[in-house]
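Heads up, the thing below is written out as structure tokens.
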Amino acid sequence: MQPVDSLSPSPNISHPGVMATDITKKFQSAVKALAPGDLHKDDHFTLFEAVAALEIMDPKMDSGVLAEGESLDEEYDVSRDLLPEEILGIIDQLLCLEMAWHLGYPLSQTLFTSIYVEALLKPRPACIEEADFLRDAQSREKQPKLLFVLRAYCLGLLKACFFVNELVKDELYYEEEDFVTNTYDRDLLYEIPVASINNVLHKARSDLRAISNDMMKDISIALDLRLELRIAFLRAIDLSGLRKANPDSLKMPWVQMNGLLEHISKQHSLGKPVPEAFSTKLQRRLASTMPPRPMVQPSFEESHGHFKQLFQDGIDVMDVLKYSEPQSLLNFVSLFQARKPQPLVYIRTLLQSLLFNEMVVLGSYSIRQILDRDLSIVVIPCGIQIDPANDKIEVPTDPRHQTAAQMEIFRQRVAECYLDIFRIFCQNRCRVRRTLCHSIQEWDMLQADVEEIDQLLQIALDEKPLVIDTGEIGFSLPLSSWAYVYKLRQMEWIVQLGFELEIYQTDELAGMYWYLNYLAKTRAQHGDRIKAFTMRSLNEARYGSTGDSEHPQQLPQYTAAKEREYLTSLAFLRVTMLDAACTWEFADGLCCLYTVLQRLNLIATPTRPYSTDALRYDLRMKPFRNVALPTLPTLDEFTRATLQPETPTRDLICYAESAVGGARKGYEAMAKMSEAQAFSANAHDRWIGEIKKCLRAAIAAGVAVSTLLRAFDKAKVDGEDGDPKLALKVEMPLSGKGYHDWWIVPKLVLVK
């Protein structure tokens, strides 16, 4: 610390009524009397006052500090005459600030830096006539003739922001992380009906056309298109609440805005910026405890790109209303939210609203309908448990009445957990993974709870165990089997998102790919078990309890509708087991590849003075530690399975080649599936795109393994003992630049 005497001299304060006293020597003397560690505090000097004392006169903290000659309030005159190109420039800057708000910045740093917006909102207008830059009637009559265009645009902008803000607040989102809903005591024209604002916008367009001869034609068209954009945005928001309408008709305003945006982009150069119409001084008027912050304004080109994505996502999200069955719905939501770049918060909350508003799924279906259909597809096609006729039985001793009662308990228990899966995928990618880590704990408890219901239904329905040649499998337990399927899928998603979000270090990839292989193999085995019971049920439905398929004679009650239901379930089991097999083969191949690369010292292990294998294992497996099934491997089991010390290096490379080849064939088969076979209705193109990315990753992995095998064999021929040192360099793909975010495939390059 510098000595006090060498510090800069104290400022010369001279003002009537101010008497300055130098207390430096007194302060130094008082400090010397203190022993080390002593703290003296005035009881009346609170923490708030202490922080305020630090903030006072600090330009970064004190919103009231003024520079020499600076005024407290902004002196810009909102009644000044503006050129048409200046109005165009202000509107385009407002468009950029609006996008900055959609991207997650607060209104105080974006739209509320506009002096025109502040003039509209303060004092608070009670009706559409009061919502003007000038509140005095005589002044309004004298205001510049083109200011009505800017007023109409600002009214449409603020009303759209109000609706967006309310929608986001009504759905699941993360404050400050995704979106800032604080309006700083500004109501965003809450009391003014949208119909009145639409009338102002339409009148402004009509009046603009009437005086278009007084300005350049290009600028007149540019202003008109921007007013049309605001009308279309309000229309899109209004129609999004009509969930029962034809989805294609709900897309029309979004399609219109997408087309308008291209024209608006070409007209941007016609505008003239008016930077003095925006000021951060307006933050002093807002109800906020935050220090002053700079204005956030993305470039027009950047804003254009984000708006283009917003409008295209608005078009695509309406396809969710074209419901076919729950598995396609889940695929639609997960694939829609995984697209790059990820949809903005408004679109993600709009998707939640379309899905679950007022607890009616997609505006037309009850939660029971969705749940029962999902159970039918996954575990119990034509199941007695989900037969609606059970609800009509009122005799308490009747098994059908008991079944209906237990199924109602089941639905109440699982409904929230089931719908939460869809909600989770409507969050940003980091939150998806974090929330899934909590969700699997809930699903683990859910599986145990519904197993009790399964056992009660087993007694009520007098179910017989399934016996095969190797012995007794046991009872079907369809409800807990269904819960186990979803739990396993979520556990796989957690690990896969870990690769996407770069949570794992390079030397950890082998272990995490082994654990992914372990989970996928468990899911495939569980799928086999479900399929065995489904086939028994199908044979009983077709031929009676004997299941005599050698002398088939279908029962009269076996209908074409039941046949379709069984075939749908078997098709789902086929695609889910094929997906699980591809995942386990590919993960196994990459595990072996990275293990070999570590053995050959082609991947360096970073120095970790404060970490151990046990600590890192506990950290990576923390989300799965409390899950009962599948059993979490111990550290020793995990280490041996990953490193495979007994397997020779060349055998590991050959096994990796075989596993990656098997995954490639599986992905080739999946890429040929139709929309119905893949359960990807309304998202088939995106589903095929994901499968093709996985296929390309598998091909690249095959090339890497082949390169490694050739280099290894060549080194062995040259006579090197043990594991040779290969002339190879490993290049890891950059984030988001690989073939698929979940499959991190290294590139092996020969070093000359």
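Once the Cα gyration tensor of region 567-697 is found, what semi-axes does its equivalent ellipsoid get, as square roots of 5 times the eigenvalues, in whole Å, sorted largest first?
Details: eigenvalues 218, 79, 40 Å².
Result for region 567-697: semi-axes of 33, 20, 14 Å.
Output needed: percent of Cα pairs per 10 Å distance bin for region 161-299, bins running from 0 to the one holding the longest distance. Distribution as computed: 9, 26, 37, 23, 4 percent. What does the charge count near Leu748 come to, summing +1 for each Lys or Arg and -1 for each Asp or Glu among other residues with Cβ under 15 Å from its Cβ? Net of charged neighbours comes to +4.
Tell me, Thr397, Thr110, Thr649, Thr605 in order of fewest to most beta-carbon neighbours within 10 Å?
Values: Thr397 6, Thr110 26, Thr649 19, Thr605 11.
Starting with the residue having the fewest Cβ neighbours, the order is Thr397, Thr605, Thr649, Thr110.
Quick one: work out the % antiparallel among DSSP beta bridges in the chain, nearest 5. Please report the intermediate quantities before stating the final value.
On the way: 10 of 11 bridges.
Taking every DSSP beta bridge with both residues in the chain, the antiparallel ones total about 90 percent.
Under the criterion of Cα pairs below 8 Å and six or more residues apart, the relative contact order for the chain equals 11 percent. A Förster distance of 30 Å, applied to the separation of the beta-carbon atoms of Lys142 and Glu276, puts the FRET efficiency at 0.90. Extents of region 394-470, largest first, come to 49, 42, 16 Å (Cα atoms, principal axes, whole angstrom).
Sort Ile315, Ile211 so the one with the fewest other Cβ atoms within 10 Å of its own Cβ comes first. Walk me through the numbers on the way to the answer.
Working: Ile315 19, Ile211 14.
Ranking Ile315, Ile211 by Cβ neighbours within 10 Å, fewest first, gives Ile211, Ile315.
Taking packing as the residue-averaged number of other Cβ atoms within 10 angstrom, the listed peptides 659-668, 33-42, 275-284 run from highest to lowest as 659-668, 275-284, 33-42. Remark: region 647-730 is approximated by an ellipsoid whose semi-axes, taken from the C-alpha gyration tensor as √(5λ), come to 37, 11, 7 Å, largest first.
Remark: His263, His401, His740 ranked as His263, His401, His740, counting other beta-carbon atoms within 10 Å and listing the fewest first.
Calculation over all alpha carbon pairs of region 75-208 in 5 angstrom steps from 0 returns a P(r) of 2, 10, 20, 23, 21, 14, 7, 3, 1, 0 percent.
Separation of the alpha carbons by more than 24 angstrom is noted, of Lys672/Lys747; Lys217/Lys272; Lys672/Lys693; Lys281/Lys308; Lys322/Lys392; Lys145/Lys217, for Lys672/Lys747; Lys281/Lys308; Lys322/Lys392. In plain terms, the bigger the Kirkwood radius, the slower the diffusion; for the chain, with that radius from Cα pairs, at 20 °C and 1.002 mPa s, Stokes-Einstein puts D at 68 µm²/s. Remark: spin-label model distance Glu175-Lys714 equals 6.2 nm, labels positioned 7 Å along the Cα→Cβ axis. For His438 and Arg529, the difference between the fully extended length at 0.36 nm per residue and the C-alpha to C-alpha distance is 30.1 nm. With a cut-off of 15 Å between beta carbons, the residues surrounding Ser269 carry a summed charge of -3, where Lys and Arg count +1 and Asp and Glu -1. Each Lys or Arg adds one and each Asp or Glu takes one away; over the other residues whose Cβ falls under 13 Å from the Cβ of Leu709, this sums to +1. Among the helices of the chain, those built from whole DSSP H runs whose Cα atoms reach 18 Å or more along their own axis and whose mean Kyte-Doolittle hydropathy is at least 0.5 are 84-102, 147-170, 217-239.
Read-outs: derived from the displayed coordinates by stated rules, not from any lab. Keep in mind the model is a prediction, meaning the values are calculated, not measured. As a convention, Cβ positions derive from the backbone with ideal geometry for all residues, glycine included, and neighbour counts pool all protein chains shown.
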